[in-house]
Amino acid sequence: GSASRYDFVIVGGGTSGLVVANRLSEMKGFTVAVIEAGDSVLNNANVSAVTGYGRAFGTEIDWAYQTEDQTYAGGSKQIIRAGKAIGGTSTINGMSYTRAQKVQIDAWEQVGNDGWNWKNLFTYYKKPEEFQVPTPEQVARGADYYIAYHGEHGPLKVGWPRAMTNSSVLPQLDETFQQLGLPYNRDCNGGSMVGLTVHPNTVDREANVRHDAARAYYWPYQHRPNLKIISNTSANKIIWESDSRNEAVAIGVEVTGVNGVETIYASKEVILSAGSLRSPMILELSGIGNPDILRQFDIAVQVNISTVGENLQDQTNNGFSYEGNDFWLGSPTFSALPSADHIFGEDVLTIASDVNSSLAEYAKRVSEHSNGAVQEANVLAAFQLQHDQIFKSQVPYAEIVFLPIGNSFSSEYWPLLPFSRGSVHINSTDGSQPPSINPNYFMFGQDLKAHADVARYIRKAFSTSPLRTVVGEELAPGQKHVPENASDSIWEGWVKSQYRSNFHPVGTASMLPRDKGGVVDPELRVYSTKNVRVVDASVLPFQLSGHLTSSLYAVAERASDLIKKRYIF
Ligand code: FDA
């Protein structure tokens, strides 16, 4: 019936999807539907609590995807968390708000995505933002910023938690890192990220709740007559016009919801925003992908793009913990963002050259893993660019977060730019079955080495004054498991036995020229389709040194403008 026909159908009401839904429904006279597998979490305390990080894990709003056995990382499977809710993963994430290094966004244009550069995106980094200027008390606890980097009129509240950690911690960390040569960075959100920083969060300070995509982009707009969320409903595949010839034309989306299986029709466009582990799967179920894979499931090929689901890039996370000699209250947002120079010290040139001479072999192995779907030359070009970012541009190569909470002082860290590449593909023709996910963690020696060297750097920081006077015994990894001056193999063994996913998967429907392995063009349209786009973490061609949501909000804002330009004049 007419109730299930809209101009725009968006699959996934998550971080990116709700931005697009909000902006497209600003066009009066156009109707927008959002299909979301999850439900409202507006009143879910595991979501709203500012100090509740982790409480939603393993509950019904966590997809808790499982990877394949991780051959290069000790063999076992890993869990990759992702939000299943109106608001998506922004409802369960760590709320950190950090963008990217300027060169990382400029690289998008450099590889052929016209218009996608730092200068253009900077406008869209600011557009979503309602920056909450810190109070004098927050400034005293380390909140710092350049107002020119921030937007003040957007829907998303960005700022520091009402209760920030005791004011002594920042000077202690700063003095420690000054000795390790890492400078203080007042505001890491202007495109220059390296240093020690007290970064903002996506938080509503006054209400003292998490500010997720739903609170920012949906709930205040829920009464728009042309905007509808169809929740508790899962999208299976795109339905195509029967005589699609040169270009595939989408006419709707088949969903399974409270009324069983039905089609939601789209008169203008279908936009996939189901996340980087899900959007490629919907493409495959709809006949867009690698014919070798589609054939295994008897799916008719609509568009042959062999790289759908390839190019998966995630990071790996690990932690330290110490007894505290102090007692800390409040929510910490301290991060150290060292570059390769800081981490590798005087070995950096040797390491840069070793890695450089391994890149051809790395690229060959990635291509082999994909059974040739990914071309060796394309991966090699991407690796050379990444090598330049790490060793020439000196972008942040690791993030180290410091968590002084109660009487413990712990730290989580993750190398930001691993070379490992994996994939996500369908396992069945049933849209409700999770995909097969293989990030290939620690596929390459450098990824493991980086992990061990960052760990050494962290231990060095904790044994440098004044930080050393603030903490007592090292509980994890602990001298018993990893003694002082432990060998590479001991550190690497610990890393493999303790790591987890950092939950930042990107790249599985990359925005790149088609002959470079791209799935979407610079307007985020899937190649050889007339009216299907992907707008979510899938389209990021390369991993970033920032947490992802700030960049995803920016990309979704810019994508919305690109879409609207075609309908309003
Ligand atoms: P997102 O996952 O937000 O949205 C996808 C939506 O599609 C979901 O709502 C899902 O339910 C829905 N969906 C999926 N399949 C569907 C189907 N078939 N039919 C209908 N709906 C479907 N980032 C950051 O900036 N700061 C941080 O501190 C952290 N910390 C962090 C912690 C944890 C635990 C995680 C898991 C992630 C983070 N991140 C983060 C990463 C960040 O939150 C994440 O990258 C983005 O929210 C992803 O946004 P997307 O729009 O790509 O997908």
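Some values worked out for this structure:
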{"read-out": "Flag if Tyr53 is in contact (Cβ under 8 Å) with a residue 40 or more places away in the chain and near the ligand (Cβ under 8 Å from one of its atoms)", "value": "yes"}
{"read-out": "Considering residues of the stretch 88-104 that are over 12 Å from the mean Cα position of the chain (by Cα) and more than 7 Å from the ligand (Cβ to nearest atom) only, the residue most open to solvent (accessible area, probe 1.4 Å)", "value": "Lys102"}
{"read-out": "Complete set of residues in the stretch 292-331 that are part of a loop (DSSP other than H, G, I, E, B) and free of Cβ contacts under 8 Å to residues at least 60 places away in the same chain", "value": "Ala300, Val301"}
{"read-out": "Exclusive hit being more than 25 Å from Asp453 (Cβ to Cβ), out of contact with any strand residue (DSSP E or B) (no Cβ under 9 Å at 6 or more places or on another chain), among the aromatic types (Phe, Trp, Tyr) and more than 16 Å from the ligand (Cβ to nearest atom), set Phe344, Phe327, Phe297", "value": "Phe297"}
{"read-out": "Per-region count, the stretch 60-81, residues more than 12 Å from the ligand (Cβ to nearest atom), out of contact with any Ser or Thr (no Cβ under 7 Å at 6 or more places or on another chain) and part of a loop (DSSP other than H, G, I, E, B)", "value": "5"}
{"read-out": "Candidates Glu412, Glu484, Glu492 - the one that is closer than 26 Å to Val395 by Cβ and out of contact with any strand residue (DSSP E or B) (no Cβ under 8 Å at 6 or more places or on another chain)", "value": "Glu492"}
{"read-out": "In the stretch 274-291, the residues that are on the phi > 0 side of the Ramachandran plot, crowded, with 22+ Cβ neighbours inside 10 Å and outside any strand (DSSP E or B)", "value": "Gly275"}
{"read-out": "Count of residues meeting criterion [open to solvent by 20 Å² or more (accessible area, probe 1.4 Å) and farther than 29 Å from Tyr221 by Cα] in the stretch 62-87", "value": "12"}
{"read-out": "Considering residues of the stretch 462-483 that are among the small types (Gly, Ala, Ser) and outside any strand (DSSP E or B) only, the residue least open to solvent (accessible area, probe 1.4 Å)", "value": "Gly478"}
{"read-out": "In the stretch 236-273, residue most open to solvent (accessible area, probe 1.4 Å) [restricted to those that are of a type in the set (Val, Ile, Thr) and outside any strand (DSSP E or B)]", "value": "Val258"}
{"read-out": "Candidates Ser545, Ser550 - the one that is in a loop (DSSP other than H, G, I, E, B) and within 16 Å of the ligand (Cβ to nearest atom)", "value": "Ser545"}
{"read-out": "Residue ranges of helices (runs of 4 or more DSSP H) in the stretch 105-197 with at least 1 members surrounded by fewer than 22 Cβ atoms within 10 Å (Cβ to Cβ) and in contact with an Asp or Glu (Cβ under 6 Å, 6 or more places away or on another chain)", "value": "118-126"}
{"read-out": "Neighbours by Cβ (under 6 Å, 6+ apart or cross-chain): first from the stretch 117-129, free of Cβ contacts under 8 Å to residues at least 12 places away in the same chain; second buried (at least 22 other Cβ atoms within 10 Å of the Cβ)", "value": "none"}
{"read-out": "Filter result for Leu42 (aliphatic (A, V, I, L, M) and more than 10 Å from the ligand (Cβ to nearest atom))", "value": "yes"}
{"read-out": "Complete set of residues in the stretch 388-426 that are away from the ligand (no atom under 14 Å from the Cβ) and part of a loop (DSSP other than H, G, I, E, B)", "value": "Ser393, Gln394, Val395, Tyr397, Leu417, Pro418, Phe419, Ser420, Arg421"}
{"read-out": "Answer from Ala486, Ala455 - the residue that is within 28 Å of Phe442 (Cα to Cα), crowded, with 19+ Cβ neighbours inside 10 Å and without any contact (Cβ under 8 Å) to a residue 12 or more places away in the chain", "value": "Ala486"}
{"read-out": "For Asn427: the one exception among (1) within 23 Å of Ser501 (Cα to Cα); (2) more than 23 Å from the chain's Cα centre (by Cα); (3) open to solvent by less than 20 Å² (accessible area, probe 1.4 Å)", "value": "(3)"}
{"read-out": "Candidate set: the stretch 257-285, residues that are among the hydroxyl-bearing types (Ser, Thr, Tyr) and within 9 Å of the ligand (Cβ to nearest atom); chosen: the one nearest to the chain's Cα centre (by Cα)", "value": "Ser276"}
{"read-out": "The stretch 520-569: number of residues that are at positive phi and open to solvent by 20 Å² or more (accessible area, probe 1.4 Å)", "value": "1"}
{"read-out": "Members of the stretch 516-539 that are in contact (Cβ under 8 Å) with a residue 40 or more places away in the chain and of a type in the set (A, V, I, L, M)", "value": "Val519, Val526, Val532, Val534, Val535, Ala537"}
{"read-out": "Neighbours by Cβ (under 7 Å, 6+ apart or cross-chain): first from the stretch 500-515, closer than 16 Å to Asn304 by Cβ and within 13 Å of the ligand (Cβ to nearest atom); second modelled with pLDDT of 95 or more and assigned to a loop (DSSP other than H, G, I, E, B)", "value": "Ala509/Val308; Ala509/Val519"}
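The values are calculated or read from the model by the stated rules, or taken from the named source; none is laboratory data. The shown structure was predicted, so the numbers you read here are calculated from the model rather than taken from an experiment. Positions of Cβ are generated from backbone atoms using ideal geometry, with glycine treated the same way; all protein chains shown enter the neighbour counts. Quick note on the areas: whole protein, heavy atoms, side chains included, nothing else; ligands and nucleic acids left out. Shrake-Rupley method; radii C 1.70, N 1.55, O 1.52, S 1.80 Å.
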